[in-house]
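A short worksheet on the structure shown next.
The values are calculated or read from the model by the stated rules, or taken from the named source; none is laboratory data. Remember, predicted model here, so these are calculated numbers, not experimental data. When we count neighbours, we look across all protein chains shown, and the Cβ atoms used for this are built from the backbone with ideal geometry, even at glycine. When the accessible area is computed, the model is the full protein with side chains, heavy atoms only, and any ligands, DNA or RNA have been set aside. Shrake-Rupley method; radii C 1.70, N 1.55, O 1.52, S 1.80 Å.
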Amino acid sequence: MSSTLIEHLEFALTVDAADRVIRDAAILLEDGRIAAIGTTEEVSREGVDTVVDGRRRGIVPGFVDSHVHLSESLSRAVFPDNLGTRAWVFNWAKPFYAHVDSGDERISVLLGTTEMLRCGTTCFLDMGAQNDPGLTVRAAAEVGIRGITGRHAADNPPHELPRGWTEEMVEHHFFPSAEVALEVLEQCVRDWNGYADGRIRCWVNIEGKEPCSPELHVGARALAERLGVGTTYHLASSIEEAHLSEQRYGQWPITRIAELGGLGPNLVIAHAVATADNEIPLLAEHGTKVAFCPSTSLKLAKGATAIGKYPEMREADVTVGLGTDGVSAAGNLSLMRQLYLAAGLFKDARLDPEEIGAREALRMATVEGARALGWDDEIGSLEAGKRADFVLFDLDSFEWTPYDDPLQALVWSASPASVAETWVDGVPLYRDGRVETVDEVALYAEARERAAAIVRRAGLDRVTTPVTTTLYE
């Protein structure tokens, strides 16, 4: 059993139940877990294999990304920024995905997880692979990060294929029925859940919304429950989606799924921007979780500050985590940017300085994200017995000079520029300015080549590709 003690840390933001802030902190690691955390005086050096001087460092739990598309990581700055959600998905994202082959997807996952580690993210919930989920599983395991993935799936294709969609993509992505889709998704869970000594999990993930039948929405959660895992999908992701649902079914999306029996504690709804007041008790009653993606809401005009009910959800004890969504939808995979936005958007929108704030935002980015993923028993806070997933910040950075309250400095002043080290399972994966498990120079060169080739194959351009859509209407 190997042990490492990092002592004399300037602070530790534990994000435990009491939100303890420990000064002159020390953390003892044994075989990938936190054996002890307290002041340097409290945590004994006796019998420790390696002692590390943590002066001019601060420690926080690793960030947990509650919603991300790792297969999107080659599309940075490809799509224009004048798109609403539906045009973004149907006119741009689907054609892009249609031309992402298995080699592209592997590089995309390596690129995305590398960015995450540089930004202090130690765990993610990925919507699912466009190709074989084994690609995502193996690539993420190779990098060393913790996460959950699945196989992106749907069962309700449009009657006519829009520009850029391919028959091959539709055949692979859309199943002939919910029953067939669920059979394949079950096998994915059996093949990949618990990979890399349990560091990588596999869920019953589906796309959600119009491309999925009611049977698939309800069946995915039921299957996940039977298999002892979770499910995630997009729902109530825009006001346009809510209005379409109301026109067709007389109900907003969350109410419709609730009445079909589809809500439950193992479901994470991505976005949930278009949530009515009377739907919040439904989420709370069923223990359904929500992933809020602030950057995407801003870029795609989803309306988080205009119609979003995230503060009300939290007041009703609905677990709300933070997600980056993807490098095209949000522009980056930095949970620190989402942390900053979550802490400030509703103060401004509601003209209320008491809304959310730094403490609540940090919990959303760590322990509440972990709770959404069903992993808060092992990650999300700095507590004895939990896995040693954490971030060390360089306090000699300009972002921390000077500072008084480390929580305020972390949320309002800091960025990934001052991330010194990112550890997962007691292993430093990012330090000394590089990700230890990846040849970043070679990875970036290949990513640039593959991204340009995908855009060419997909025929995406800002002149002729439509920026509006009536698909599924």
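Residue check: is A154 modelled with pLDDT of 95 or more, within 23 Å of H172 (Cα to Cα), open to solvent by less than 10 Å² (accessible area, probe 1.4 Å) and in contact with a His (Cβ under 9 Å, 6 or more places away or on another chain)?
yes
When residues of the stretch 374-402 are filtered for being free of Cβ contacts under 8 Å to residues at least 40 places away in the same chain, open to solvent by 30 Å² or more (accessible area, probe 1.4 Å) and closer than 22 Å to M364 by Cβ, how many remain?
3
In the stretch 1-111, which strands (runs of 3 or more DSSP E) lie fully inside it and hold 1 or more residues that are under 16 Å from G385 (Cα atoms)?
3-13, 21-30, 33-39, 57-61
Going residue by residue through the stretch 21-41, is there one that turns out to be surrounded by fewer than 24 Cβ atoms within 10 Å (Cβ to Cβ), β-branched (V, I, T), in contact with a helix residue (DSSP H, G or I) (Cβ under 7 Å, 6 or more places away or on another chain) and modelled with pLDDT of 95 or more?
Yes, that holds for at least one residue.
Test I454 against the stated conditions and say whether it is within 30 Å of V318 (Cα to Cα), in contact (Cβ under 8 Å) with a residue 40 or more places away in the chain and either out of contact with any Cys (no Cβ under 6 Å at 6 or more places or on another chain) or among the hydrophobic types (A, V, I, L, M, F, W, C) (or both).
Judged against the criteria, I454 is not a match.
From E183, E160, which residue is free of Cβ contacts under 8 Å to residues at least 60 places away in the same chain, among the charged types (D, E, K, R) and in a loop (DSSP other than H, G, I, E, B)?
E160
For the subset of the stretch 157-169 comprising residues that are open to solvent by less than 60 Å² (accessible area, probe 1.4 Å) and more than 19 Å from D101 (Cβ to Cβ), which member is modelled with the lowest pLDDT?
Taking the candidates together, the pick is P162.
Consider F79 against the criteria (1) more than 19 Å from the chain's Cα centre (by Cα); (2) surrounded by fewer than 22 Cβ atoms within 10 Å (Cβ to Cβ): it satisfies all of them except one. Which criterion is unmet?
Checking F79 against (1) more than 19 Å from the chain's Cα centre (by Cα); (2) surrounded by fewer than 22 Cβ atoms within 10 Å (Cβ to Cβ), the one that fails is (2).
Pairs please, first residue from the stretch 413-434 and within 16 Å of L362 (Cβ to Cβ) and open to solvent by less than 20 Å² (accessible area, probe 1.4 Å), second anywhere and small (G, A, S) and assigned to a loop (DSSP other than H, G, I, E, B), Cβ atoms under 6 Å, 6+ apart in sequence or on different chains.
These pairs meet every condition: S418/S397; V419/G120.
Quick check on the stretch 195-216. Is at least one of its residues among the aliphatic types (A, V, I, L, M), under 28 Å from S295 (Cα atoms), surrounded by 24 or more Cβ atoms within 10 Å (Cβ to Cβ) and touching a Cys at 6+ places or on another chain (Cβ under 6 Å)?
Yes, some residue in the stretch 195-216 is among the aliphatic types (A, V, I, L, M), under 28 Å from S295 (Cα atoms), surrounded by 24 or more Cβ atoms within 10 Å (Cβ to Cβ) and touching a Cys at 6+ places or on another chain (Cβ under 6 Å).
Any idea how many residues of the stretch 218-241 are more than 30 Å from W375 (Cα to Cα) and surrounded by fewer than 24 Cβ atoms within 10 Å (Cβ to Cβ)?
2
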